[in-house]
Amino acid sequence: MGGAADSAPTDMRLRHIEVFNAIMLTGSVTAAARMISVTQPAVSRTLKHAELRLGFALFHRVGGRLRPTAEAQALYPHVETLFAQLDELQRMAQGLKTGSGEGELRVLTVLALSYDVMPRAMVLFRKRHPNVIVHHESLHSPDIIKSLVLQQADVGYVFSGVTHPALEQDLLGMRRVVCVAPKGFFTKRELAAGKITLEQLPGRPAIWLDNRDPLAITLGQILRDHEIDLEIKMTVQTYHAAIAMAQYGLGMALVESCTAAAVDPTLADVLPIEPEIRTTVHALRPTAGANTLTSKYFTRCFQQAVEQLA
């Protein structure tokens with residue numbers, strides 16, 4: 001047989017969540033009341049009502065402070081996400097009220113495009129849109145595709161095109177694959193030639209990219225076609241990690257030239273590979289989403305940034 005607590009609703013209202021968050025941040029009812037500008041009894045009543053509706057305790061009193069229960073700790077990450085979203089909503093509303101904001105743009109890039117291309121694109125973008133809030137995140141290509149399909153971002157920039165019914169794509173440019181190697185790795189003749197051939201790569205220690213990376217897949221197929229085996233000493237997940245390893249003398253790294261722009265010339269040399277291998281830079285966006293003028297302009301800026309590094 002169930003009592004009153006068994007039949008109580010198990011949902012939290014926004015006021016409950018606000019009080020819960022304040023107590024999690026401050027550790028006491030008194031401090032929480034000051035934080036959200038209400039009386040201490042009001043916080044106590046709201047907390048009690050929240051626990052009644054949920055059917056379990058959120059805090060235990062230990063040594064004069066409130067300690068979150070296991071259930072509260074499980075709920076809190078979701079509450080943090082909710083408050084972050086509310087902050088974004090408040091900023092957008094304030095911008096609309098004052099006319100000082102032009103909206104927000106959610107941009108995703110693979111990590112290799114976040115170091116040199118993304119900052120250059122932002123400099124160009126800011127000249128026309130100084131007030132747009134840009135939320136940028138670096139992810140692996142599969143995660144970018146997933147986020148765009150779920151319409152959690154406005155636009156994403158990746159290497160190599162993708163085929164997905166929920167996404168549209170634009171080719172922004174092509175980048176050459178180069179070999180980055182520590183000083184003294186290439187011979188004087190190779191440096192004078194200004195290039196390195198695939199046939200000259202075997203027998204030298206190599207830093208390889210994660211086999212799920214689009215460039216690694218392309219390079220792997222080309223090397224198999226030419227019957228070339230590299231002496232792979234380690235694998236890394238990002239192009240910049242590969243460059244860092246090369247600059248510390250651990251071997252050569254095959255990366256695209258956007259990433260190679262970050263190489264310190266006092267630590268490593270960069271030579272293009274022959275025959276020429278190219279990778280593409282693509283802009284992806286949700287088919288069902290609004291391709292706004294702002295996102296279109298940002299993509300134009302991104303393309304210009306790619307071209308600057310050519």
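Residues whose amide H comes within less than 5 Å of that of Thr287, counting only those at least five positions distant or on another chain, are Leu167, Glu168 (H built at 1.01 Å from N in the peptide plane). Summing charges over neighbours of Met122, with a neighbour being any other residue whose Cβ is under 12 Å away from its Cβ, gives +3 when K and R count +1 and D and E count -1. Rounded to the nearest 10 degrees, the inclination of helix 14-26 to the longest alpha-carbon principal axis of the chain is 70 degrees. The Asp225 and Thr197 beta-carbon pair, evaluated with R₀ = 22 Å, returns a calculated FRET efficiency of approximately 0.95. Near Lys233, which aspartates and glutamates are there with a Cα under 16 Å away, not counting those fewer than 8 places off in the same chain? Partners found: Asp210.
Working from the Cα coordinates of the stretch 185-257, the gyration tensor eigenvalues give, after taking √(5λ), semi-axes of 19, 16, 11 Å in decreasing order.
Annotation for the stretch 211-310: GluC sites (Glu not before Pro) lying in DSSP loop with at most 14 further Cβ atoms inside 10 Å of their Cβ are Glu227, Glu276.
In a simple Cβ point-charge model (Lys, Arg +1; Asp, Glu -1; nothing else charged), the chain has a dipole of about 1140 debye relative to its Cα centre.
With both residues required to sit in the chain, DSSP beta bridges show an antiparallel share near 60%.
For the chain, the longest principal axis of the Cα atoms and the long axis of helix 214-225 meet at an angle of about 30 degrees. Can you tell me the 0 to 90 degree angle between the C-alpha axis of helix 70-98 and the longest principal axis of the chain, rounded to 10? Value to nearest ten degrees: 80. Segment Ala166..Ala288, full-extension length gain: 43.2 nm, with 0.36 nm per residue of separation and the alpha-carbon distance subtracted. Based on the Kirkwood approach, the hydrodynamic radius assigned to the chain is 23.4 Å, with every pair of different Cα atoms included. What distance in nm lies between label points placed 7 Å from Cα along the C-beta direction at Leu52 and Asp87? If labels sit at Leu52 and Asp87, their model points lie 3.3 nm apart.
Take every Cα pair under 8 Å whose residues are at least 6 apart in sequence, average their separation, divide by the length of the stretch 154-229, and the relative contact order is 29 percent. Summing charges over neighbours of Cys258, with a neighbour being any other residue whose Cβ is under 11 Å away from its Cβ, gives 0 when K and R count +1 and D and E count -1. Calculated mean residue ellipticity, 222 nm, the chain: -13500 deg cm²/dmol, from DSSP H runs (n ≥ 4) at -39500 (n - 2.57) each, averaged per residue and rounded to 500. Here the Karplus curve 6.51 cos²θ - 1.76 cosθ + 1.60, taken at θ = phi - 60°, turns the phi angles of the stretch 270-283 into couplings of 10, 10, x, 8, 10, x, 4, 10, 10, 10, 10, 10, 10, 9 Hz, with x standing for Gly and Pro. Between Thr280 and Ser160, Arg175, the built amide H atoms are under 5 Å apart, and every one of these is 5 or more places off in sequence or on another chain.
As a length-normalised measure over Cα pairs under 8 Å and 6 or more apart, the relative contact order of the chain settles at 21 percent. Classify the stretch 99-205 as rounded, prolate or oblate, taking a ≥ b ≥ c as the square roots of the eigenvalues of its Cα gyration tensor: rounded when a/c is under 1.5, otherwise prolate if a/b is larger than b/c and oblate if not. Prolate is the answer for the stretch 99-205, as a/c is 1.5 or above and a/b outweighs b/c. For Asp210 and Arg61, the FRET efficiency from 1/(1 + (r/R0)^6), where r spans their Cβ atoms and R0 equals 51 Å, is about 0.55. Length gained on full extension, Glu137 to Arg45, computed as 0.36 nm times the residue gap minus the Cα-Cα distance: 29.1 nm.
Every read-out reported here was derived from the displayed coordinates using simple, explicitly stated rules and does not represent laboratory data. All of these numbers come straight from a predicted model, not from anything done at the bench. Cβ: placed from backbone, ideal geometry, glycine included. Neighbour counts: every protein chain shown.
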